[in-house]
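The values are calculated or read from the model by the stated rules, or taken from the named source; none is laboratory data. The shown structure was predicted, so the numbers you read here are calculated from the model rather than taken from an experiment.
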Amino acid sequence: MKFQQTNTIPNFDAVFKQVTETLPKGLLSLHHDLEKNLRVALDSGLRKMSLVTREEFEVQSAVLERTRIRLEALEAKVADLEAAHLPKTEPVNSQQPETPNQAE
């Protein structure tokens, strides 16, 4: 299964454009500096959050699903082996013998 690498948040460019377009056109160098600094700050903030890409998430989800299936199969196998090798015992009588009432 092959996944395409996509931008994790496609609206970055739209946000940068909106913020920087509000600046007066005479401040073109400030415009570029602000955009660069916003990108760096946003990238730094996202890295601190320990986020993963969609591709990494999908790969790990698939690994987890395969592991769950194998675990369920092994649990069933162990239960079958235990049932086959445990001695058959009579069911325990759930009724307890009556004890004489000493309060009488």
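Numerical summary
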{"read-out": "Tally, over the stretch 25-70, of residues that are within 19 Å of Val15 (Cα to Cα) and either of a type outside the set (Ser, Thr, Tyr) or not in a helix (DSSP H, G or I) (or both)", "value": "20"}
{"read-out": "Conditions (1) of a type in the set (D, E, K, R); (2) modelled with pLDDT of 85 or more; (3) not in a helix (DSSP H, G or I): number failed by Glu98", "value": "(2)"}
